[in-house]
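Notes for the one structure printed next.
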Amino acid sequence: MDDKKWWQKGVVYQIYPRSFADSEGNGTGDLRGVISRLDYLEWLGIDAIWFSPIYPSPMADFGYDVSNYTDVHPMFGTLEDFDELVEEAHRRGLRVILDFVPNHTSDEHPWFVESRSSKSNPKRDWYIWADPASDEGLPNNWESNFGGPSWTWDETTGQYYLNSFDPKQADLNWRNPEVREAMYGVMRFWYERGVDGFRIDVLNIVIKDEELRDNPPDPNWKSGDTPWDWQSRVYSEDRPEVHEISAEMRELADSYGERVLIGEVYLPIERLMAYYGEALDGVHLPFNFQLILLEDWNAGKVRRIVDEYEAALPEGGWPNWVLGNHDNSRVASRISPERARLAQMLLLTLRGTPTVYYGDEIGMHDVEISEHLIVDPRGKDQPEFSRDPARTPMQWDDSPNAGFTTGDPWLPIAGDHAKINVAVQSEEPGSMLAFFRSLIRLRKKSPALSVGSYTAIEAGNDAIFAYMREHEGQQIVVALNFSEQTTRVDLTTAKGGGKILCSTHLDRTGALEPGQLELRPYEGLMVLTDSEKA
């Protein structure tokens, strides 16, 4: 097991800084709040913390519109606070991963202020500018990921600039070598402060078609899909030149030792795999979002995406899985609270690196937010697409503001936080939190789970997804009942019997006799086979 890197064996935990812990009572989370909760994260058993952006920003897109890449937004604290956080995290054996936002800056970033000042400014070519089309219209038909055109008119210089998201987020020109060197300088700045890696925002978007050709319609788009996804983004995203950038970022990361690069890449499996690099010289982990995007959770579909993903991985490529993040509905709301435990057992027992979204370990769900309280730019005009419901404050205890703040929280607190919180669940032997910690402990002490192989098992029932994890003679079978009915499963593959290590209900352990086994509705079991009883 020692030949695996920390990011292969570990569990990554995403923190949305505005919502984790507020140390100042102003209603917004901050770095000192995170420092105060590091003991909890160590107790939880995770290995690395990924922070959504903490940089100075006008907050048009809550930090993804960066105005200074080498500082900390005063809302979150100071560089000194960050240094202390890294030191305290490392002292507890926790790694620190920062969000890196390479595709665009804020329109208030000094680079863009210079770029838009005149066509002759030295930084003009640091961004993507274009003349109007021959009919005086937009340069092309590219659609913003937030809806509407990807182009914003600049009256001063009489050209459009590209914004793949909000108009206040201007796209950098990564074809310009000066831009690349400036951004790699940003990565060096944080590596030298002790950062253990980066999650790279929208990596597949950073290079665009040099001719700015129109995107064709997406033949798979249908009514009810996200409106701005009507086109196939073949010219505005996932251009072949992006892999050169990935390789350069990887070379830089490797020069600092054991660092990790995680690429945010929303692509089909066959295109996702290219981001590992031809010689595994791309990002270490191109994010695998299949469990987030899966609309119909049943055993057959989950097994199919797991098997297809495993089969597509390049030789030596390390898998990864994620159930939730700041851009998507929480897993307890997407698939139901009853199935959330099953989903966590799946996440923490599949082969590869799992990423956990803060609060999922206690079963937090989306919070209904009135339209007049929406702050997400994507949801202001189209509330049904707001990401705010999944970004609400962490629920620490049953106090009025869930222990998150003594002030007015920046987003509403869940109405049932008196029951769904860390303090209550840490005292309940059968709670979601107790279950989550049990899974992580088993993962850490079982080589089969942390680094072992994956093999799907024919369970004799289409409501069951079962698989074996194996390493150096240790075999663990995982059987997941996706049905709301009690279901029998044939575990003869488990060589006749074994020992139950964990149930999603936390009420079954001990010897397992050969033959069939009953799984209750939405129950999952982990079984150590007779090949090696603990």
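The values are calculated or read from the model by the stated rules, or taken from the named source; none is laboratory data. Remember, it's a predicted structure, so these values are computed and weren't measured experimentally. Neighbour counts run over all protein chains shown; Cβ positions are idealised from the backbone, glycine included. Keep in mind that these areas ignore ligands, DNA and RNA; they rest on the heavy atoms of the full protein, side chains included. Shrake-Rupley method; radii C 1.70, N 1.55, O 1.52, S 1.80 Å.
List of remarks:
- Gyration tensor (alpha-carbon) shape descriptor, segment 305-450, a/c threshold 1.5: oblate
- Links that overshoot a 24 Å alpha carbon limit, given the list Lys9/Lys208; Lys5/Lys445; Lys301/Lys444; Lys123/Lys208; Lys119/Lys380: Lys9/Lys208; Lys301/Lys444; Lys119/Lys380
- For the chain, the solvent-accessible area works out to 38 Å² per residue, with a probe of 1.4 Å and every protein chain left in place.
- Helix 79-91 vs. the chain, principal-axis angle (Cα, 0 to 90°, nearest 10): 20
- Put a plus charge on the Cβ of each Lys and Arg, a minus charge on the Cβ of each Asp and Glu, and nothing anywhere else: the dipole of segment 405-533 about its Cα centre is then about 420 debye.
- Straightening the chain between Glu513 and Thr156 buys 120.7 nm, computed as 0.36 nm per residue apart minus the Cα-Cα spacing.
- Heavy-atom accessible surface of the chain: percent carbon and sulfur, 1.4 Å: 47
- Linear extension gain, Asp530 paired with Asn121, 0.36 nm per residue minus alpha-carbon span: 140.1 nm
- Comparing Cα centroids, segment 223-248 and segment 82-151 end up 16 angstrom apart.
- The relative contact order of segment 1-48, computed from alpha carbon pairs under 8 Å that lie at least 6 residues apart in sequence, is 37 percent.
- Relative to the longest principal axis of the Cα atoms of the chain, the long axis of helix 177-191 makes an angle of roughly 40 degrees.
- In plain terms, the chain from His90 to Ala133 could stretch by 10.1 nm, reckoned as 0.36 nm per residue minus the Cα-Cα distance.
- On Cα atoms only, tilt of 299-312 relative to the major axis of the chain in degrees: 60
- Dipole of segment 49-182, positive end: most advanced residue of Asn176, Thr152, Ser120 [Cβ charges, Cα centre]: Asn176
- Selection from Ser446, Ala60, Ala253, by position along the positive dipole direction of the chain (Cβ): Ser446
- Charge dipole (Cα centre; +1 on Lys/Arg Cβ, -1 on Asp/Glu Cβ; no other charges) of the chain amounts to roughly 1680 debye.
- Taking packing as the residue-averaged number of other Cβ atoms within 10 angstrom, the listed peptides 302-308, 281-287 run from highest to lowest as 281-287, 302-308.
- Lys, Arg +1 and Asp, Glu -1 on Cβ, resulting dipole of segment 340-394 about Cα centre, debye, nearest 20: 320
- Backbone amide hydrogens, once placed in the peptide plane, bring Leu138 within less than 5 Å of Ala133, excluding anything fewer than 5 places away on its chain.
- Note on Asp71: accessible area approximately 50 square angstrom, rounded to 10, probe 1.4 Å, nucleic acids and ligands left out.
- The phi torsions of segment 54-64, fed into the Karplus equation with coefficients 6.51, -1.76 and 1.60 and a -60° offset, translate into couplings of 10, 6, x, 6, x, 6, 5, 10, 6, x, 7 Hz, rounded to whole numbers, with Gly and Pro shown as x.
- Segment 1-42 and segment 399-450: distance between their alpha carbon centers, rounded to Å: 13
- In terms of the mean number of neighbouring beta-carbon atoms within 10 Å, the peptides 467-479, 365-377, 348-360 order highest first as 348-360, 467-479, 365-377.
- Global form of segment 166-324, assessed from the alpha-carbon gyration tensor, a/c cut-off 1.5: oblate
- For Leu519, the residues whose modelled amide H falls within less than 5 Å of its own, excluding neighbours fewer than 5 places apart on the same chain, are Thr487, Arg488, Val489.
- Protection proxy ranking, peptides 184-194, 256-266, average beta carbon neighbours within 10 Å, highest first: 256-266, 184-194
- Beta bridges assigned by DSSP with both partners in the chain are antiparallel in approximately 65 percent of cases.
- Extents of the chain, largest first, come to 78, 49, 47 Å (Cα atoms, principal axes, whole angstrom).
- 3J(HN,Hα) from dihedral phi, segment 19-27, Karplus parametrisation 6.51/-1.76/1.60, rounded to Hz, x for glycine, proline: 10, 8, 7, 9, 8, 10, x, 9, x
- Rounded to whole Hz, the Karplus (6.51, -1.76, 1.60) HN-Hα couplings of segment 38-45, x for glycine and proline: 5, 4, 5, 5, 5, 4, 4, x
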